[in-house]
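Chemist: Okay, here's the structure, questions in a sec.
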Amino acid sequence: MSYHVPESLHADLAKVAVVHSAEQPWTPSPTAGVDRRFLERDGAEVARASSVVRYAPGSSFPVHVHDKGEEYLVLSGVFSDGDGDFRAGSYVRNPPGSKHAPFTEDGCIIFVKLRQFRDDDQETVHKHIEEVSFEETEVGGVSRALLFQNRNETVVVESFSPGTIWENRHGSGGEEIFVIEGRLLYGDFECGPGTWLRFPPGQELSIKSPSGCRLWVKRGHLKHAS
């Protein structure tokens with residue numbers, strides 16, 4: 001089966017990017033039963049990339065090494081490998097040099113980021129967003145649960161109550177947002193589930209959620225990106 005992989009998609013990390021993944025076509029991968037919706041990409045089949053990936057029931061991916069690391073959030077179904085079965089809501093980090101042969105019995109969809117770790121980021125993480133503690137933040141209506149943190153980046157889940165407005169949100173080290181559920185408004189963009197947003201370091205933004213939402217958020221990492 002022929003397929004097209006964009007070698008440059010939102011590759012300029014100094015620019016704001018907004019992608020509604022649900023509006024993007026599913027593109028086959030080299031492995032049968034595994035399709036991708038591309039969010040950002042810099043390179044060919046082996047690339048620095050962020051994607052939404054769909055595994056058909058009974059599909060698997062050959063054993064492979066994560067040369068520059070991998071992190072993913074399971075959006076639906078159960079994603080499995082030699083380390084266990086990761087149900088929807090699971091957040092996993094596989095450090096540089098790790099390897100696995102993932103599969104799924106009933107099918108699943110994941111949000112995955114490839115080849116974006118620093119070489120010294122060697123911590124493996126297996127967490128579930130329903131099993132971490134949410135705490136109120138300085139912004140009214142926003143609670144937050146920590147998934148991962150080191151000196152270079154922080155990964156959290158944020159929950160917005162209905163009617164929440166966050167003016168002048170500012171990320172000194174850059175920020176990425178993936179909408180897990182609900183709806184987020186950013187300027188003229190209405191961002192439903194599956195929307196991915198990236199903001200370079202120093203970008204100020206105003207976001208709000210009239211009906212409430214839950215977000216996967218990664219901060220600080222873009223100040224080190226080249």
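Chemist: Check segment 151-162 and report whether any residue there is free of Cβ contacts under 8 Å to residues at least 40 places away in the same chain, under 22 Å from residue 221 (Cα atoms) and assigned by TED's automatic domain parsing to the domain that holds residue 206.
Modeler: Yes, that holds for at least one residue.
Chemist: Out of all the residues in segment 13-32, which are closer than 30 Å to residue 170 by Cα and of a type outside the set (Ser, Thr, Tyr)?
Modeler: 13, 14, 15, 16, 17, 18, 19, 20, 22, 23, 24
Chemist: Search segment 104-130 for residues that are more than 17 Å from residue 65 (Cβ to Cβ) and modelled with pLDDT of 95 or more and pair each with any residue that is crowded, with 22+ Cβ neighbours inside 10 Å and acidic (Asp, Glu) when their beta-carbon atoms are under 8 Å apart and the residues are at least 6 apart or on different chains.
Modeler: 125/71
Chemist: Okay, moving on. Only one residue in 67, 83 is surrounded by fewer than 17 Cβ atoms within 10 Å (Cβ to Cβ) and closer than 20 Å to residue 152 by Cβ, so which one is that?
Modeler: Result: 67 is the single residue among 67, 83 that is surrounded by fewer than 17 Cβ atoms within 10 Å (Cβ to Cβ) and closer than 20 Å to residue 152 by Cβ.
Chemist: Filter segment 99-130 for residues that are touching a strand residue (DSSP E or B) at 6+ places or on another chain (Cβ under 9 Å), surrounded by fewer than 16 Cβ atoms within 10 Å (Cβ to Cβ) and assigned to a loop (DSSP other than H, G, I, E, B) and give the result.
Modeler: If the condition is that a residue be touching a strand residue (DSSP E or B) at 6+ places or on another chain (Cβ under 9 Å), surrounded by fewer than 16 Cβ atoms within 10 Å (Cβ to Cβ) and assigned to a loop (DSSP other than H, G, I, E, B), then 101, 105, 106, 123, 124 are the ones that fit.
Chemist: Run down 59, 21, 8, 51 and say which single residue is over 27 Å from residue 199 (Cβ atoms) and among the polar types (S, T, N, Q).
Modeler: 59
Chemist: Exactly one condition in (1) surrounded by 16 or more Cβ atoms within 10 Å (Cβ to Cβ); (2) of a type in the set (A, V, I, L, M, F, W, C); (3) in a strand (DSSP E or B) is not met by residue 146; state its number.
Modeler: The failed condition is (1).
Chemist: Follow-up question, since we're still on this one. Which count do you get for residues in segment 19-47 that are surrounded by 17 or more Cβ atoms within 10 Å (Cβ to Cβ) and hydrophobic (A, V, I, L, M, F, W, C)?
Modeler: Total meeting the criteria: 5.
Chemist: Quick one: residue 167 ticks every box in (1) crowded, with 18+ Cβ neighbours inside 10 Å; (2) more than 19 Å from the chain's Cα centre (by Cα) except a single one, so which number is it?
Modeler: Condition (1) is where residue 167 drops out.
Chemist: Examine segment 10-18 for a residue that is surrounded by 15 or more Cβ atoms within 10 Å (Cβ to Cβ), in contact with a helix residue (DSSP H, G or I) (Cβ under 6 Å, 6 or more places away or on another chain) and in contact (Cβ under 8 Å) with a residue 40 or more places away in the chain, and state whether such a residue exists.
Modeler: Yes, segment 10-18 contains at least one residue that is surrounded by 15 or more Cβ atoms within 10 Å (Cβ to Cβ), in contact with a helix residue (DSSP H, G or I) (Cβ under 6 Å, 6 or more places away or on another chain) and in contact (Cβ under 8 Å) with a residue 40 or more places away in the chain.
The values are calculated or read from the model by the stated rules, or taken from the named source; none is laboratory data. These numbers were taken from a predicted model, which means no experiment stands behind them. Neighbour counts run over all protein chains shown; Cβ positions are idealised from the backbone, glycine included.
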